[in-house]
């Protein structure tokens, strides 16, 4: 892999903020020049709406928009680019599956499984659909290290379960879940599986065919792309069955005042003028990410986490939340009784950007009996010296508050 | 460490967050106010009784950061024994003093400590959480 110093040159934000220790990449990644320029250039010299336009600019934009679909399909190993649906992000992708796919299949007494560590985005859509259809949302518990309890999970599988939704890398705990095994077990009961890949898409070699997941949801902005664009991958047979939940222009075959027939997927899920510049930006982000071997990125994330655990071990009263040995570049912790927001404010004045709060996993925080955590998260541009600064400042904060 | 931040947290906030005034649940209280910030999860319950138009036996309980806990503690301390009218004026003065620098003069030192929160917009809500709930309560009374 290229050196971190070299990689950092790709990201103009670090030139603007030379003193910034950005340890919040799980919230959003920074954007490389190629993505920023790509979007600006699109608006500057290619801008037009897609599809029906006959003139050159529109045809070029349509072609580019569809070419990105192919690049995304290649990135995740999808069989066909038709299995790639553009959404506004992970949340949007999961909502589409919950309402367009699962709702029709779900009857009173049926069950949906999620884990105790899910982000609100992979919890509330299922909770809503279960309430609506009289089905039961069941929560797969965690062991004392914060890992999924696989024995209990296997016991929970049955013919009643109509969907499993699970996060690949936990945004709160940093653990990498054994999703290959979980998917294989679920498939024994023909249960479709949705994988929340928001954190893993950049940091693991996510391949939908080797994982055999039925749906994969992820966002552009956590993988060096712009905000407001995301992807839903689905297996063709399921996308055929899944119904659109938004209706309007560009998703139809034939329309009369009485009836409408829909276009085939993926078009039937992309009503209205979509986030075209977002798709173009996503394309540049995929190109950028494709310059890296994600096996190498994964190694680097493990290296940074283990470096951070070593450094934090020297800080008095530190408690790491999420102790799995199988983790990515995310470290959640508590510092004595100091509230995470107080910690974040102190770190912020030293230009150390971390995240404090429940990380959109309130039920998990309740389960762990903590109100919030402080979280440091890394990316390909993260440096050990930033972790050193974090650890040093945490020591100061600890002594100030004690 | 940042001197302005130390200023904000100095004795008043650290003292009140570590040794909060009348920090106890009181389910039998006549009045009960729930101060909750859904963005961060901080949540405090305020308890008091009204006797002949005066606020009595104020206490609070809950969970939050040092600033939100201290600002609630200071509120509890200064509410005790005030008439509803006096308390309403006091709460307004406190909130005004935080919204614009130099707006209100001659405030208790324990109020002024929170003025430094103006430098940290992300933390303003922590200094005002319980106070704003109190202001709403007076509006409704």
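Bear in mind that the values in this text are calculations on the coordinates, not laboratory data. Just so it is clear, the model here is predicted, and its values are computed rather than measured. Cβ atoms come from the backbone with ideal geometry, glycine included; neighbour counts cover every protein chain shown.
Pull out a ≥ b ≥ c, the square roots of the eigenvalues of the alpha-carbon gyration tensor of the range A:76-209, then state rounded if a/c is under 1.5, prolate if not and a/b is larger than b/c, and oblate in the remaining case. Taking the square roots of the gyration eigenvalues as a ≥ b ≥ c, the range A:76-209 is rounded.
Measuring between their Cα centroids, the range A:157-192 and the range B:46-102 lie 49 Å from each other.
Rounded if a/c is under 1.5, else prolate if a/b beats b/c, else oblate: with a ≥ b ≥ c from the C-alpha gyration tensor eigenvalues square-rooted, which is the range A:336-402? Walk me through the intermediate numbers first.
On the way: a/c = 2.34, a/b = 1.27, b/c = 1.84.
Oblate shape, in that a/c is at least 1.5 and b/c is the bigger or equal ratio.
With just the Cα atoms defining each centre, how far is the range A:193-237 from the range A:364-401? Give it in Å. Each part reduced to its Cα centre gives a spacing of 27 Å.
From the Kirkwood radius over Cα pairs of the range A:199-319, Stokes-Einstein at 10 °C and 1.306 mPa s returns a whole-number translational diffusion coefficient of 91 µm²/s.
Enumerate the whole-percent occupancy of each 10 Å bin, from 0 to the last occupied one, for all C-alpha pair distances of the range A:1-106. Bin by bin from 0 Å, the calculated values are 11, 26, 33, 23, 6, 0.
Considering all C-alpha pairs of chain A, those separated by over 40 Å amount to 18%. Sorting the segments B:6-17, A:59-70 by their residues' average number of neighbouring beta-carbon atoms within 10 angstrom, most packed first, yields B:6-17, A:59-70.
Counting, for every residue in A:333-346, the Cβ atoms of other protein chains within 10 Å of its Cβ and taking the mean gives 5.
Per-residue ellipticity at 222 nm from helix content only, as computed over chain A with -39500 (n - 2.57) for each DSSP H run of at least four residues, stands at -11000 deg cm²/dmol. Neighbouring Cβ atoms from other chains, within 10 Å of the Cβ of residues in B:33-44, number 2 on average.
So how far, in whole Å, is the C-alpha centre of the range A:318-353 from the one of the range A:35-103? One Cα centre to the other: 36 Å.
I'd like the mean, over residues of B:117-127, of how many other protein chain beta carbons sit within 10 Å of each residue's own Cβ. Could the numbers behind the result be given before it?
Working: counts 1, 0, 1, 3, 0, 4, 5, 0, 0, 4, 0.
So the per-residue partner count for this stretch is 2.
Test of understanding: in a Gaussian network model of chain A with alpha carbons linked when under 10 Å, which of A:379, A:172, A:290 would top the mean-square fluctuation ranking? Among A:379, A:172, A:290, the largest GNM mean-square fluctuation belongs to A:290.
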